[in-house]
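To start, the structure under review is shown below, and the notes come after it.
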Amino acid sequence: MRPVEDLLLLRPATLSEAAALLARHDARLVAGGTDLLPNLRRGLLDPGCLVDLSAVTDFDRIERGDGTWRIGAGVTLTVLARQAELAAALPALVQAAGQVAGPGHRSAATLGGNLCQDTRCVYYNQSAWWRAANGGCLKLAGDICHVAPQGKRCHAAFEGDLSPVLLAYDAEVEVVSAQGSRRMPLADLYRDDGAAHLTLDPHEIVAAVHTPTGARGRASAYRKARVRDAMDFPLAGVAVVLRKDGDGLAELAVGISGTNSHPLRLQGTDALLGQPVDDALLLALSKLVQKQVTPMRSTVTQSNYRRLVAAATAQRLVRELTSTA
């Protein structure tokens with residue numbers, strides 16, 4: 001493993017040029033570097049060079065179009081957390097951005113980096129000598145998942161804060177390669193595999209997020225549970241987007257992070273529409289969450305606790321949002 005200071009740093013002016021460099025080199029992208037640099041220091045990555053996106057023009061631009069927002073992947077979380085127009089239109093996104101790590105991290109960390117950050121596990125995010133003492137793991141330099149030794153799939157958890165919000169907002173991602181650009185639903189950016197959770201080709205780059213502004217009267221919020229109340233990843237991060245119609249729900253979307261190897265949008269919420277927000281609806285919502293989240297022993301906290309926290313957080317957000325909507 002080479003020292004970080006010995007890495008070759010390439011600084012393209014455009015995303016297409018950056019994608020071409022990725023195709024030609026054994027390289028990794030760096031924007032804020034808040035996820036990449038700790039992984040380099042721990043020996044989790046050993047690229048030949050880094051492709052620095054800091055000089056890419058308009059990579060951090062935020063634009064409002066006809067019924068949509070386009071948010072550049074290079075925008076920092078500090079800027080997102082302080083964006084007044086976004087706070088009015090997409091409050092859960094601003095809330096989530098403001099809850100990531102600490103102020104110093106948020107001033108460097110980017111939207112794209114948060115969406116594409118590595119999965120985490122107590123058997124993976126360790127020093128090289130610690131991992132070697134355990135014989136590596138299925139995610140790196142080993143042939144066993146210490147979380148689920150009888151299986152052949154990595155159960156490292158995805159713990160980004162922004163993806164569950166954007167999933168609930170029906171966001172799409174704009175992806176750039178040397179051949180051009182394409183758009184796809186945010187959910188298609190991920191797969192259920194902790195060792196390879198992104199579906200991007202090696203030379204593709206997330207350029208921006210496109211998010212509908214949503215219907216009038218829609219309410220949304222994000223909340224996460226964590227071991228420490230600051231500078232920590234979510235044990236369960238939950239975003240809720242809803243709209244009332246009388247006493248019932250006309251719209252309900254729930255995004256969840258921290259429990260699975262990919263962020264997920266809760267399935268089956270359409271069955272709750274038209275119903276009053278009472279104990280029966282909240283119980284049904286809890287059952288949906290507990291059935292679909294699959295926390296494993298990838299953190300220091302018990303798996304069932306994370307499952308129950310995810311369900312309880314979803315219930316509380318729905319209750320709070322409907323009481324103020």
Checklist entry - What order do you get for 68-76, 258-266 when each peptide is scored by the mean count of other beta carbon atoms within 10 Å, highest first? => result 258-266, 68-76
Next on the checklist: Place a point 7 Å from the Cα of residue 247 along the Cα-to-Cβ direction; which residues of region 268-283 have their backbone N under 18 Å from it?
Outcome noted: 272-283
Checklist entry - Quick one: Karplus J couplings for region 29-43, per residue in order, coefficients 6.51, -1.76, 1.60, θ = phi - 60°, nearest Hz, x for Gly and Pro? => result 7, 9, 10, x, x, 5, 9, 5, 5, x, 5, 5, 5, 8, x
Item to check | Beta bridges per DSSP with both ends in region 3-96, % antiparallel, nearest 5 | outcome: 30 percent
Next on the checklist: Given a 1.4 angstrom probe, I'd like the percentage of the accessible area of region 254-310 that is carbon and sulfur, rounded to a whole number.
Outcome noted: 55 percent
Item to check | Contact order normalised by residue count of the chain, Cα under 8 Å, 6+ apart, percent | outcome: 16 percent
Next on the checklist: If amide hydrogens are placed 1.01 Å from N in the peptide plane, which non-local residues have theirs closer than 5 Å to the one on residue 190?
Outcome noted: 199
Checklist entry - Which parts of region 49-90 would a label at residue 9 reach, counting a residue when its backbone N lies under 12 Å from a point 7 Å out along Cα-to-Cβ? => result 50-55
Next on the checklist: Can you show me the helix-derived [θ] at 222 nm for the chain, built from DSSP H runs with n ≥ 4 at -39,500 (n - 2.57) apiece and divided by the number of residues, rounded to the nearest 500.
Outcome noted: -8000 deg cm²/dmol
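For region 1-140, count the residues as N, evaluate 2.2 N^0.38 Å, and divide the Cα radius of gyration by that value, please. Intermediate values should be presented prior to the final figure.
On the way: Rg = 17.1 Å, N = 140, 2.2 N^0.38 = 14.4 Å.
So the Cα radius of gyration is 1.19 times the expected 2.2 N^0.38 Å.
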Checklist entry - When the label point is put 7 Å from the Cα of residue 26 along its Cα-to-beta-carbon vector, which residues of region 114-158 have a backbone N closer than 18 Å? => result 140-142
Checklist entry - Separation between the residue 229 and residue 52 pseudo-spin-labels, each 7 Å from Cα along Cα→Cβ, expressed in nm? => result 3.8 nm
Item to check | Segment residue 286-residue 41, extension gain: residue separation times 0.36 nm, minus the distance between their alpha carbons | outcome: 84.2 nm
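Against the globular-protein guess of 2.2 N^0.38 Å, express the Cα radius of gyration of region 37-95 as a ratio, rounded to two decimals. Display every interim value, and only then the final one.
Numbers: Rg = 15.6 Å, N = 59, 2.2 N^0.38 = 10.4 Å.
Taking the Cα Rg and dividing by 2.2 N^0.38 Å, one obtains 1.51.
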Next on the checklist: Whole angstrom only: what separates the Cα centroid of region 45-62 from the Cα centroid of region 93-145?
Outcome noted: 19 Å
Item to check | region 65-217 - Debye-derived log10 I(q)/I(0), Cα point model, q = 0.09, 0.16 Å⁻¹ | outcome: -0.35, -0.94
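If packing is taken as the mean number of other Cβ atoms within 10 Å per residue, what is the order of 45-57, 244-256, 153-165, highest first?
Going from most to least packed, we get 153-165, 244-256, 45-57.
List the relative contact order of region 65-202 as a percent without decimals, with contacts defined as Cα pairs under 8 Å and 6+ residues apart. Before the final figure, lay out each step's value.
Numbers: 177 pairs, mean separation 26.5, N = 138.
Result for region 65-202 is 19 percent.
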Checklist entry - Cα to Cα, under 20 Å, and not fewer than 8 places away if on the same chain: which lysines meet these conditions relative to residue 224? => result 287, 291
Item to check | Cα-based equivalent ellipsoid of region 181-243: semi-axis lengths in Å, sorted from largest, via gyration tensor | outcome: 25, 22, 10
Checklist entry - How large is ³J(HN,Hα) for each residue in region 110-117, as worked out from phi by the Karplus curve 6.51 cos²θ - 1.76 cosθ + 1.60 (θ = phi - 60°), to whole Hz, x for Gly and Pro? => result 10, 4, x, x, 5, 5, 9, 4
Checklist entry - At q = 0.15 Å⁻¹, what base-10 log of I(q)/I(0) does the Debye formula yield for the chain when every alpha carbon is treated as an equal point scatterer in vacuo? => result -1.26
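For residue 181 and residue 279, what does the FRET efficiency come to when R0 = 51 Å and r is the distance between their Cβ atoms, rounded to the nearest 0.05?
Details: r = 47 Å, r/R0 = 0.93.
The calculated FRET efficiency here is 0.60.
Rounded to two decimals, what is the ratio between the C-alpha radius of gyration of region 93-150 and 2.2 N^0.38 Å? Don't skip to the end; give the middle numbers.
Working: Rg = 15.4 Å, N = 58, 2.2 N^0.38 = 10.3 Å.
Region 93-150 yields a ratio of 1.49.
The values are calculated or read from the model by the stated rules, or taken from the named source; none is laboratory data. This is a predicted model, so every value here is computed, not measured. Positions of Cβ are generated from backbone atoms using ideal geometry, with glycine treated the same way; all protein chains shown enter the neighbour counts. Remember, those area values only see protein heavy atoms, side chains included, never the ligands or the DNA or RNA. Shrake-Rupley method; radii C 1.70, N 1.55, O 1.52, S 1.80 Å.
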